[in-house]
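Every read-out reported here was derived from the displayed coordinates using simple, explicitly stated rules and does not represent laboratory data. Please read these numbers as outputs of a predicted model, since none were measured by experiment. Quick reminder, even Gly has a Cβ in these numbers, built from the backbone with ideal geometry, and neighbours come from all protein chains shown.
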Amino acid sequence: MVVRMGTILITNGFATDLGNNVNDWQTNYQDDDLPALSVCDLVENNSFRTPQTKHTLRELAFQFRVFVASDTPAATMRLYLKDIEEAIRSDVYWTVSGTRLASHTKPLSSGMELDESGFEIVAGYVEVEVAYITALFNAEG
């Protein structure tokens with residue numbers, strides 16, 4: 001997912017260059033590093049298929065969190081969020097080397113977070129749920 005988000009560049013047809021600074025679970029940035037995008041895996045729900053299949057359906061929530069400077073306009077944040085959704089939409093099965101890693105990707109929520117005054121954007125986010133099937137009790141496949 002970090003690699004996919006790294007493709008968010010104007011030269012790739014996106015509206016922004018948010019892909020210039022994408023990280024796995026980084027939450028502390030210096031002002032000089034902004035804007036930045038952090039890919040965070042959150043809660044995973046598992047459901048047992050049947051004893052006969054010996055598989056588990058896993059549904060893992062991800063948050064794509066955009067960190068911005070305090071003077072970032074709402075219009076710019078909307079472009080960042082649009083670009084993230086466009087990058088996700090390019091392949092909702094998260095295909096790698098011809099293999100689909102996910103059975104589907106479901107949108108959960110997106111929006112902007114404001115400071116305490118309610119008038120300054122401090123972050124934005126897109127949350128999705130990615131479903132995939134693994135062998136029973138095997139989180140990696």
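If I stretch the segment between Ala131 and Glu113 completely, what's the gain in nm (0.36 nm per residue apart, minus their alpha carbon distance), one decimal?
Computed gain between Ala131 and Glu113 is 3.8 nm.
Work out the length of the dipole vector of the chain about its Cα centre, built from +1 on the beta-carbon of each Lys and Arg and -1 on the beta-carbon of each Asp and Glu, and round it to the nearest 20 debye.
Its charge dipole is roughly 960 debye.
Compute the angle between helix 74-89 and the longest alpha-carbon principal axis of the chain, please, reported from 0 to 90 degrees and rounded to the nearest 10.
So the inclination is approximately 20 degrees.
Return the loop-located GluC sites (Glu not before Pro) in segment 82-131 (DSSP other than H, G, I, E, B) with at most 10 other Cβ atoms within 10 Å of their own Cβ; answer none if there are none.
Passing both the DSSP loop test and the Cβ count: Glu116.
Find the Rg to Rh ratio for segment 46-120, where Rh is the Kirkwood radius over alpha-carbon pairs and Rg uses the same atoms.
When Rh is taken as the Kirkwood radius, the ratio is 1.13.
Give me the distance between the Cα centres of segment 8-69 and segment 88-105, rounded to whole Å.
Taking the Cα centre of each part, segment 8-69 and segment 88-105 sit 14 Å apart.
Report Rg/Rh for segment 1-93, rounded to two decimals, where Rg is the Cα radius of gyration and Rh the Kirkwood radius.
1.10
Round to the nearest 0.05 the FRET efficiency obtained for Trp94 and Ala74 when R0 = 25 Å and r is the Cβ-Cβ distance.
So, using R0 = 25 Å, E works out to roughly 0.25.
When Lys and Arg each count +1 and Asp and Glu each count -1, what net charge do the other residues less than 12 Å away from Ala61, Cβ to Cβ, add up to?
Charge balance near Ala61 sits at -3.
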